[in-house]
Amino acid sequence: MDIRDEEIKEFIETVSLNSNYNFSDYTVKSFRRRMEKIVNDNNCTLTEITKKLKNNTIFLEKIVRDITVNTTELFRDPKVWLEIQKEIIPELKKLPTINIWHAGCSSGQELYSMLMFLNENDLLEKTKAVGTDINSEILAEATKGQYKYRFNYEYLPNFDQVLNVLPEKKKYYILNIWILTNSKISLKLSHFY
Ligand SMILES: C[S@@+](CC[C@H](N)C(=O)[O-])C[C@H]1O[C@@H](n2cnc3c(N)ncnc32)[C@H](O)[C@@H]1O
């Protein structure tokens with residue numbers, strides 16, 4: 001499948017003219033891969049897609065959703081969390097309040113991992129955390145914050161690697177429910193040692 005650079009450029013310009021989405025900073029290589037998939041799924045050329053989304057907001061929103069890659073995990077990349085524990089948490093402990101923005105939070109696992117992590121470090125009380133994502137459907141999942149038990153179970157090794165190194169507490173969680181009310185996140189956790 002051959003997509004010309006000009007077609008991609010025109011697509012990006014059209015999306016930015018007809019919405020608040022701006023893909024001009026994406027790397028050409030990764031963006032081309034996404035475009036190829038979209039063209040394939042829609043069984044038409046990129047020029048035809050660009051033409052259609054000019055006057056069709058619903059279609060435009062769908063294409064934007066299709067562009068995003070929403071891979072995420074609870075305690076994704078344990079090494080990073082261990083580094084945060086070592087380097088960042090001591091600094092956060094010195095602050096009167098903590099504000100965290102998870103840009104591109106996908107379905108929320110990174111945000112909830114952070115809240116658990118702060119909870120373990122007794123920092124949750126003074127924290128406000130916000131998650132945003134370009135994909136409104138995935139953001140709705142993040143807001144619900146309910147994940148299937150089996151899905152969580154798959155990530156217990158990550159929990160083990162991250163939370164078990166914390167001083168004293170040495171426990172990890174199975175998540176039951178995460179409830180989000182009035183922008184305040186309350187946690188309902190059950191744990192075992
Ligand atoms: C691969 S996921 C990573 C999720 C999470 N940060 C993690 O590391 O587990 C990337 C997320 O960024 C979102 N995203 C991509 N471009 C974005 C943009 N320009 N503004 C906001 N969110 C964006 C995607 O919709 C996707 O959900």
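Brief remarks on what is shown
- K86 passes every criterion in (1) modelled with pLDDT of 90 or more; (2) in the same structural domain as Y21 (by TED's automatic domain parsing) apart from (2).
- Every pair of residues 6+ apart whose Cβ atoms lie under 8 Å, when the first sits in region 75-91 and is touching a residue at least 40 places away in the same chain (Cβ under 8 Å) while the second is surrounded by 13 or more Cβ atoms within 10 Å (Cβ to Cβ) and among the acidic types (D, E): R76/E110
- Within region 88-100, one or more residues are closer than 30 Å to S30 by Cα and within 16 Å of the ligand (Cβ to nearest atom).
- In region 1-119, counting only helices (runs of 4 or more DSSP H) that sit wholly within it, the ones holding 3 or more residues that are surrounded by 13 or more Cβ atoms within 10 Å (Cβ to Cβ) and among the acidic types (D, E) span 5-18.
- Qualifying residue in region 174-191 (condition: at pLDDT 60 or above, of a type in the set (V, I, T) and surrounded by 13 or more Cβ atoms within 10 Å (Cβ to Cβ)): no
- Any pair with Cβ under 6 angstrom, 6 or more apart, that starts in region 97-117 at a residue that is assigned by TED's automatic domain parsing to the domain that holds V130 and ends at one that is within 8 Å of the ligand (Cβ to nearest atom) and part of a strand (DSSP E or B): A103/T132; E110/H102; L111/H102
- Restricted to region 125-142, and to residues there that are surrounded by 13 or more Cβ atoms within 10 Å (Cβ to Cβ) and either among the β-branched types (V, I, T) or without any contact (Cβ under 8 Å) to a residue 24 or more places away in the chain (or both), the residue that is nearest to the ligand (Cβ to nearest atom) is I134.
The values are calculated or read from the model by the stated rules, or taken from the named source; none is laboratory data. Since the structure is predicted, the reported quantities are computational estimates derived from the model, not experimental observations. Cβ sites come from the backbone with ideal geometry, for glycine too, and all protein chains shown count toward neighbours.
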